[in-house]
Amino acid sequence: MADTATLKLPLLAASQAQKHVTVNEALARIDAALQLSVVSRSLATPPAIAEEGTCYLVPLGGVNAWDGEDGKLAFYLNGGWDFLTPLSGWRLFVSDEAVSVSFDGTEWLDNVLSSSPFGAAMRAETVEFDFNLSAGTTALTGFVIPQGSLVLAVTGLVVTAITGTLSDWSLGVDVSDTRYGSGYGVGTGSWVHGLTSQPQAYYSNTQLKLTANGGDFSAGTIRLSVHLLRFDVPRA
């Protein structure tokens with residue numbers, strides 16, 4: 001056997017010359033695979049310039065040096081690309097999405113807390129975005145909360161001061177203006193910590209609603225984060 005079974009680390013041969021070459025190659029693969037993090041899982045074309053040890057998860061349709069390596073981990077080692085096939089149970093962090101994913105033997109699942117042999121899963125997710133206010137007494141954020149989810153909380157931060165004639169503001173949804181709190185500040189750095197007393201189910205895509213109290217919004221930017229659970233059904 002020339003390589004180890006899982007990470008395909010090169011093994012030393014009896015009476016081998018230049019043993020350091022084989023050992024260093026094995027250490028480089030361990031360095032790339034340990035505490036596994038990938039730069040991206042959406043890039044189909046290898047970057048023209050890559051740093052030693054960087055890793056990507058090759059999506060469907062990989063080209064050039066990644067042709068035929070779909071679904072594998074691509075490591076840039078010793079000036080070229082090396083590949084590793086993931087095994088069931090592997091977890092990694094996707095840096096450009098700030099999301100943790102795990103491999104169930106068939107596909108990568110995002111933010112999984114628990115899963116079943118046939119792919120049923122419970123996921124914990126955070127949907128984050130910056131919302132720019134415009135003039136008015138209320139503002140709807142557009143689609144934010146996905147259907148079939150349980151929301152535990154909505155948090156936020158005023159990143160650009162809210163201007164207008166309002167005294168403070170409330171956060172909720174169309175059917176409940178204050179579901180996620182009221183009396184929030186308008187200055188830069190003011191924060192939102194809207195907990196629900198129990199998980200709130202949403203059966204359709206839902207917008208958040210901001211309401212100006214005592215006046216109108218004029219402008220401002222709020223960074224909002226929706227903390228939720230979602231559930232996958234098992235595969236056939």
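Among 93, 83, 75, 118, the sequence by solvent-accessible area, most first, with a 1.4 Å probe is 118, 93, 83, 75.
Taking Cα centre as origin and charging only the Cβ of basic (Lys, Arg, +1) and acidic (Asp, Glu, -1) residues, the dipole magnitude of the chain rounds to 400 debye. Heavy atoms of the protein chains alone define the surface here; on that basis the chain has 54 Å² accessible area per residue at 1.4 Å probe size.
Translational diffusion coefficient of the range 1-88 (Stokes-Einstein, Kirkwood radius from Cα pairs, 4 °C, 1.567 mPa s): 94 µm²/s. Just the protein heavy atoms count here, and of the accessible area of the range 132-236 at 1.4 Å, carbon and sulfur take up 53 percent.
The Cα-based radius of gyration and maximum Cα-Cα distance (Dmax) for the range 92-193 are 17.6, 56 Å. Restriction of the chymotrypsin sites (Phe, Trp or Tyr not before Pro) in the range 125-228 to DSSP coil positions whose beta-carbon has at most 16 other beta-carbons within 10 angstrom yields 203. Partner lysines whose Cα lies under 29 Å from the Cα of residue 19, excluding those fewer than 8 positions away in the same chain, are identified as 8, 72. Counting charges near residue 112 (Lys, Arg +1; Asp, Glu -1) among other residues having Cβ under 13 Å from its Cβ returns a value of -2. The residues 193, 227, sorted by heavy-atom accessible surface at 1.4 Å with ligands and nucleic acids left out, run 193, 227 from largest to smallest.
Across all directions, the shadow cast by the convex hull of the range 39-144 built on its C-alpha atoms averages 9.5 square nanometres. Select one label from (i) 1.14; (ii) 0.95; (iii) 1.04: the one whose number is Rg/Rh (Cα atoms, Kirkwood Rh) as derived from the coordinates shown. Computing Rg/Rh (Cα atoms, Kirkwood Rh) and matching it to (i) 1.14; (ii) 0.95; (iii) 1.04 gives (i). Computed extension gain for residue 34 through residue 18, at 0.36 nm per residue and net of the alpha carbon distance, reaches 3.2 nm.
Reported value for the range 79-134: 127 Å³ per residue, from the convex hull of its C-alpha atoms. One Cα centroid belongs to the range 4-53, the other to the range 164-236; the line between them spans 46 Å. How high is the FRET efficiency from residue 218 to residue 107, r the C-beta distance, R0 45 Å, rounded to 0.05? That pair, residue 218 with residue 107, gives E of 0.45.
The values are calculated or read from the model by the stated rules, or taken from the named source; none is laboratory data. Given the structure is predicted, the values throughout are model-derived calculations rather than measurements. Quick reminder, even Gly has a Cβ in these numbers, built from the backbone with ideal geometry, and neighbours come from all protein chains shown. SASA here: full protein model, heavy atoms, side chains in, ligands and nucleic acids out. Shrake-Rupley method; radii C 1.70, N 1.55, O 1.52, S 1.80 Å.
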